[in-house]
Amino acid sequence: MLVYLSGYLYTARDAAHKRMVESIQRGESLSIDWSNETIYYTGPTPAKPGKPIGSCGPTSSYRMDSYAPVLMDLGVRVMIGKGDRSEAFRQSMINHHAVYLQTVGGVGALLARTVLHSEIVLYPDLGPEAIHRLEVKDFPAIVTYDIYGGDATKEQIEIYKNKMYEKTK
């Protein structure tokens, strides 16, 4: 199912996830309240003059699989990236009533057009991997895994296989 997100979301890639989880494991609090928040796995490029952000395409999500359950424990409920996720991630997502959305890789410049405002809110020393808070309008994404364990990728593969089978009869 295609959805269009409007509102706020946070960016975070590998380095930011690693740092956040290490901080949590040391008992430190983060300056962001992650309750019911969305994380978009992207590392935006620098903004051109007059623009809020540069290109902001998704990165491969599987690299965040080991970190995601800790952040879901804090309240993260939506994650956006590209690619398949591990079974352990999917089970944690179901347990937390979270969802995974995908957006299309290779169209970061087009996705940047949906960003109204961007500000670095955590780890500015990480450069493009700093955590940004984005305000977006009509950001397109596909619901890939839902809170019930639905898997749109598997479902679409089955539909395709069935259509191909019908053509060979």
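Taken together, the values in this text are just the output of simple stated rules run on the coordinates, not laboratory data. Just so you know, these numbers come straight off a predicted model, no measurement behind them. As a convention, Cβ positions derive from the backbone with ideal geometry for all residues, glycine included, and neighbour counts pool all protein chains shown.
Miscellaneous remarks
- Option label - Kirkwood radius over Cα pairs in Å computed here, alternatives [x] 18.0; [y] 17.0; [z] 16.6: [z]
- Counting DSSP beta bridges with both ends in the chain, the antiparallel % (nearest 5): 65 percent
- Mean-position separation - Cα centroids, segment 110-169 and segment 44-65, in angstrom: 13 Å
- Amide H partners (placed H, <5 Å) of Val99, local residues excluded: Val78, Met79
- Under 5 Å, built H, 5+ apart or other chain: amide partners of Val121: Ile131, His132, Arg133
- In this calculation the C-beta distance from Ser6 to Thr45 is compared with R0 = 25 Å, giving a FRET efficiency of 0.65.
- On the basis of the beta-carbon distance and an R0 of 45 Å, Gln25 and Lys167 show a calculated FRET efficiency of 0.25.
- Spatially close lysines, pair count over segment 2-168: Cα under 21 Å, gap of eight or more or interchain: 7
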